[in-house]
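This report refers to the structure that appears directly beneath it.
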Amino acid sequence: MKVFRAIDEVRGYLNRKKMEGRIISFVPTMGYLHEGHLSLVRFAKANSDVCAVSIFVNPAQFAPNEDFNRYPRDEARDLNLLEKENCDLVFIPSADEMYDNDHQTYVHVRKYSQVLEGAVRPTHFEGVATVVLKLFNIIQPHFAVFGQKDAQQAFIIKKMVKELNLPVEIKIRPIIREADGLAMSSRNVYLSSEERKSALVLNQALHTAKALVETGERNVAHLIGKAKEIIYQSKIAQLDYVEVVDIEIFERIETITKPNSAYMLVAARFGKTRLIDNVVL
Ligand code: AMP
């Protein structure tokens, strides 16, 4: 497995692979890898000749009051996990390699960056879209793999790719969960055992909403009401939002019109840890 830290070097190497006719896949991550990330790597590896993974905790997507400094990092462990997956290449740039002191160019996917996660984290998606575009320009993959766990992020990336005519295909893979239903996240390590137990209400709320839709419920206000009831069963959950949006256009809807046409999305804080999760309704 090749490890690169310099943009010129990784680009040179991958350019040669492309000239040889190799299919390049790309999985961008912030590291502290878990089975969710590895499921994306496995998919990428199975469908390409060269699987490239990036590990970069992107300062541009964290607001000053957020957890950039304490975000979990363990490069040696990550490299070991990727090696075991037969990953071909890891790109681990420093913040200085990615951004110079006078970085001024940002990508805004306007409307969709201001709702849901964007309403709580107003500069977040500008940072995400910018770093993903930079990484796409560095790696130049044939396809890139993202998790449904960050459904709004995946939507925004797809929108950016379409509207900026980027020559990369975006693949979205399902959410990987712990045995008890908690969506895997690098941030789960922050949770105390009480918070970890409480956090199960998120998946329970989403699961209940899905079950209601499967038995014929179509009214979104009712579904959201039921989900909130479950989340409020936890005394420590501080809910940011539960919303239902159309999968294709990411806008709020009032009625579920057909199966698998909407996301129910939730974000809540447990102590200092903010978690997000979603389900297809
Ligand atoms: P992150 O390291 O949090 O930036 O995530 C890197 C990629 O892994 C993103 O595309 C995420 O959506 C995806 N991801 C994170 N958690 C999960 C999960 N539990 N299941 C599947 N994909 C995930």
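The values are calculated or read from the model by the stated rules, or taken from the named source; none is laboratory data. From a predicted model like this one, the values you see are computed outputs, not experimental measurements. Ideal geometry is used to build each Cβ from the backbone, glycine not excepted, and the neighbour counts take in all protein chains shown.
Tabulated data
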| read-out | value |
| --- | --- |
| Set 119, 144, 95, 76: member being assigned by TED's automatic domain parsing to the domain that holds residue 62, more than 14 Å from the ligand (Cβ to nearest atom), of a type in the set (Gly, Ala, Ser) and closer than 22 Å to residue 11 by Cα | 95 |
| Subset of region 198-216 [surrounded by fewer than 20 Cβ atoms within 10 Å (Cβ to Cβ) and of a type in the set (S, T, N, Q)] | 204, 208, 215 |
| Count - residues of region 1-37 that are more than 18 Å from residue 95 (Cβ to Cβ) and more than 9 Å from the ligand (Cβ to nearest atom) | 18 |
| Filter result for residue 89 (closer than 23 Å to residue 12 by Cβ and surrounded by 19 or more Cβ atoms within 10 Å (Cβ to Cβ)) | yes |
| Members of region 214-232 that are within 25 Å of the chain's Cα centre (by Cα) and farther than 14 Å from residue 202 by Cα | 220 |
| Residue within region 219-229 that is touching a residue at least 60 places away in the same chain (Cβ under 8 Å) and either within 12 Å of the ligand (Cβ to nearest atom) or touching a Leu at 6+ places or on another chain (Cβ under 9 Å) (or both) present | no |
| Residue count, region 47-64 (criterion: more than 16 Å from residue 37 (Cβ to Cβ) and out of contact with any strand residue (DSSP E or B) (no Cβ under 8 Å at 6 or more places or on another chain)) | 6 |
| Within region 1-47, tally of residues that are assigned to a helix (DSSP H, G or I) and touching a Cys at 6+ places or on another chain (Cβ under 8 Å) | 3 |
| Yes/no for residue 166 being within 15 Å of the ligand (Cβ to nearest atom) and surrounded by 15 or more Cβ atoms within 10 Å (Cβ to Cβ) | no |
| Close pairs (6 angstrom Cβ cut-off, 6 or more residues apart or separate chains): without any contact (Cβ under 8 Å) to a residue 60 or more places away in the chain in region 126-138, not in a helix (DSSP H, G or I) anywhere | 129/107; 129/109; 133/107 |
| Criterion: farther than 29 Å from residue 118 by Cβ, at pLDDT 95 or above and buried (at least 21 other Cβ atoms within 10 Å of the Cβ) - qualifying residue of 40, 82 | 82 |
